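Trainee: Input: one structure, supplied below.
The values are calculated or read from the model by the stated rules, or taken from the named source; none is laboratory data. This structure is a prediction, so every number in the text was calculated from the model and none was measured. With ideal geometry, Cβ positions are generated from the backbone for all residues, glycine too; neighbour counts draw on all protein chains shown. Keep in mind that these areas ignore ligands, DNA and RNA; they rest on the heavy atoms of the full protein, side chains included. Shrake-Rupley method; radii C 1.70, N 1.55, O 1.52, S 1.80 Å.
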Amino acid sequence: MSDPLTAAPQAGALATWLAAPVPASRAQAQAQQFWRAAWRLRYNISALFGLGIILLLLLVAFFAPLIATHDIYAQDLASRLQRPSFSHYFGTDELGRDIFSRVIFGSRITLYIALLTAAIAAPLGLVVGTAAGYLGGWIDIVLMRIVDVFLAFPSLILALAFVAALGPGIENSVIAISLASWPPIARLARAETLTIRTSDYVAAARLQGASSWQIIWSDIVPMCIPSVIVRITLNMAAIILTAAGLGFLGLGAQPPSPEWGAMLSTGREFMLTNWWIAAVPGCSILVASLAFNLFGDGLRDILDPRHG
Amino acid sequence: MVTTDNIIETRGLSVTFGESTDTNRVVDDVSFHIRHGEAYGLIGESGCGKSTILRAIVGLNPDYDGEIFFQSQTVPHRRDKSFFRRMQMVFQDPYASLHPRKIVHQVLAEPLRIHGLDRHEERISDVLEAVGLGRDFRFRYPHELSGGQRQRVAIARALIIEPQVLLLDEPTSALDVSVQAEILNLLKKLRRERGLTYLLVTHDLAVVAHICERIGMMHCGKIIEELSADEVRGMRAVKDYTRDFLAASVGSRAGRIDQEMLPS
């Protein structure tokens with residue numbers, strides 16, 4: 001059988017491949033869908049701005065050792081509390097450490113916490129929400145009461161409680177923030193599932209003999225993923241703030257780790273005399289969470305036409 | 001008596017919706033049978049319970065009273081895979097019955113995988129050919145297809161596991177008139193080629209007269225009368241309600257569409 005299933009794009013022919021009117025393989029069809037969605041982003045200035053900052057953050061975090069100008073742990077008490085200058089772009093802190101280098105390395109910690117939390121909370125919320133919504137009955141009741149209990153606490157307080165129980169540290173704050181951020185996603189996924197489960201294509205899948213788990217996995221989850229991605233991207237801002245908050249309270253990353261919240265916390269003492277020590281990590285937190293918010297809004301516009 | 005000639009038979013089939021104080025008996029003690037290779041039509045106005053009968057027979061609505069027989073055997077309320085292998089359904093709205101994020105190939109490959117059939121690519125190409133779509137359609141998403149093309153994909157999905165019975169829930173009412181004729185001719189051709197048994201639900205007399213040999217007239221959850229296709233065309237009904245129903249709808253459309261489609 002002469003099957004063009006594996007027709008791969010030729011070099012330089014990528015544009016033609018993406019624009020082909022008749023896709024010749026599943027991969028091509030999916031690539032075309034993705035390309036068209038991404039192409040719709042181009043007019044959304046704020047989303048592009050957010051995406052740009054996120055990409056910049058990722059690059060900075062990845063190349064941190066190359067960008068940083070000083071050793072982030074090296075103390076130099078002779079040059080403590082210096083104003084921003086060409087030798088120290090963002091000045092130095094109370095122990096003479098270079099704030100620029102520390103903020104650069106701090107982006108690694110922030111992204112690590114945000115992405116790991118998303119990677120734990122999103123699948124957990126998705127599985128719990130779709131299972132509760134599709135299976136219904138007592139499974140739904142039990143799972144949703146658990147979600148209600150979690151939702152009854154403010155997320156920072158809940159994270160505080162978990163950190164207090166597990167002990168301070170980055171890994172524990174990731175676990176704590178994940179535990180606080182999956183319930184809203186489960187709620188969202190359940191609500192989506194309730195509208196999908198009565199649809200004809202789910203009925204058709206049942207008539208083909210698909211089991212409940214097959215239907216959840218292959219029919220319901222793909223429909224819930226876009227809104228979950230949007231929600232988790234918007235949540236990233238809150239996750240970053242919660243992580244910084246835990247660091248600020250001394251329950252997240254521990255000094256001398258250059259975590260932004262912890263840096264902000266030490267800078268607080270010098271706020272009135274040496275503003276840059278608190279302002280630089282504070283602005284970093286602001287810009288990072290703003291970027292995720294803007295990008296999340298843009299994603300919602302292209303992935304979820306109902307809110308567009 | 002149950003005879004081996006009947007592929008589907010219901011006895012005292014009743015479906016009730018609602019709680020104890022506020023119940024609504026949508027299907028009320030319906031008994032009818034469909035013979036092997038026959039096309040049986042259920043007609044009636046909206047809300048008379050015809051689609052509910054279909055959903056009860058196929059197993060989408062397990063809460064029914066009475067008995068349903070398939071090839072002289074009572075079917076359990078929870079259907080199993082081997083039952084679905086032999087009976088499939090085509091839904092009314094092709095815009096809702098295809099998963100929006102699955103390409104045609106995926107839609108057709110899944111039932112093959114569930115039922116453990118072999119030669120996927122070959123079967124998918126064959127069934128697409130049979131419903132009048134080319135192999136090129138394999139990697140399209142539903143939103144890239146027209147209503148008629150979607151309904152062809154839905155028919156292909158039902159046929160790919162080679163069932164004996166096809167339940168059709170108003171398969172053309174969401175389509176343009178010109179496309180309706182194409183789909184009806186396709187259904188007729190497929191039945192001839194594959195020896196399928198059809199149970200068709202519709203409120204459109206032209207459709208039912210074109211496809212079906214025997215027709216059950218439904219009113220308020222009951223089958224009040226059974227007619228042949230010729231009796232419907234000639235409007236020779238016994239019950240007053242049936243005569244009114246035929247008179248109200250036949251004049252406007254039946255003759256015209258039937259003529260358009262006769263060359264098939």
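Trainee: Cβ-Cβ below 7 Å, separation at least six or inter-chain, first residue in region A:201-219 and within 16 Å of residue A:129 (Cβ to Cβ) and more than 8 Å from chain B (Cβ to nearest Cβ), second of a type in the set (A, V, I, L, M, F, W, C) and open to solvent by 30 Å² or more (accessible area, probe 1.4 Å): which pairs?
Mentor: Cβ pairs passing all conditions: A:212/A:135.
Trainee: Could you check how many residues of region B:90-146 are within 9 Å of another protein chain (Cβ to nearest Cβ), among the acidic types (Asp, Glu) and closer than 26 Å to residue A:213 by Cα?
Mentor: Count: 3.
Trainee: Is at least one residue of region B:45-63 away from chain A (no Cβ under 14 Å) and modelled with pLDDT of 90 or more? Even if it seems obvious, please write down each step before you answer.
Mentor: Step one: filter region B:45-63 for residues away from chain A (no Cβ under 14 Å), giving B:45-50, B:53, B:63.
Within this subset, residues satisfying the condition of being modelled with pLDDT of 90 or more are B:53.
Checked against the condition, which is being away from chain A (no Cβ under 14 Å) and modelled with pLDDT of 90 or more, region B:45-63 yields at least one hit.
Trainee: While we're on this one: Can you tell me which of (1) open to solvent by less than 20 Å² (accessible area, probe 1.4 Å); (2) within 13 Å of another protein chain (Cβ to nearest Cβ) is the one residue A:181 doesn't meet?
Mentor: Here residue A:181 meets the rest and fails (2).
Trainee: Here's a follow-up. Within the group A:302, A:277, which residue is crowded, with 17+ Cβ neighbours inside 10 Å, more than 19 Å from residue A:116 (Cα to Cα) and touching a strand residue (DSSP E or B) at 6+ places or on another chain (Cβ under 9 Å)? Spell out the reasoning first.
Mentor: On the way: A:302 fails: touching a strand residue (DSSP E or B) at 6+ places or on another chain (Cβ under 9 Å).
Exactly one residue qualifies, and that residue is A:277.
Trainee: Only residues that are surrounded by fewer than 17 Cβ atoms within 10 Å (Cβ to Cβ) and closer than 16 Å to residue B:216 by Cα: list them for region B:6-27, please. Write out each step before concluding.
Mentor: Taking region B:6-27 and keeping what is surrounded by fewer than 17 Cβ atoms within 10 Å (Cβ to Cβ), we get B:11-12, B:16-25.
If the condition is that a residue be surrounded by fewer than 17 Cβ atoms within 10 Å (Cβ to Cβ) and closer than 16 Å to residue B:216 by Cα, then B:11, B:12 are the ones that fit.
Trainee: Sort out for me the helices (runs of 4 or more DSSP H) sitting completely within region B:151-240 that have 1 or more residues that are in contact (Cβ under 8 Å) with a residue 40 or more places away in the chain and either open to solvent by 20 Å² or more (accessible area, probe 1.4 Å) or under 29 Å from residue B:85 (Cα atoms) (or both). Can you show your working first?
Mentor: On the way: elements: B:177-194, B:205-211, B:229-233.
Qualifying helices (runs of 4 or more DSSP H): B:177-194, B:205-211.
Trainee: A further question follows. Only one of A:158, A:151 is away from chain B (no Cβ under 14 Å), surrounded by 19 or more Cβ atoms within 10 Å (Cβ to Cβ) and without any contact (Cβ under 8 Å) to a residue 40 or more places away in the chain. Can you tell me which? Lay out the reasoning, then the answer.
Mentor: Numbers: A:151 fails: surrounded by 19 or more Cβ atoms within 10 Å (Cβ to Cβ).
One residue alone meets the criteria, A:158.
Trainee: Can you go through A:226, A:222 and tell me which one is within 14 Å of chain B (Cβ to nearest Cβ), part of a helix (DSSP H, G or I), touching a His at 6+ places or on another chain (Cβ under 8 Å) and within 23 Å of residue A:41 (Cα to Cα)? Write out each step before concluding.
Mentor: Numbers: A:226 fails: touching a His at 6+ places or on another chain (Cβ under 8 Å).
From the options A:226, A:222, the qualifying one is A:222.
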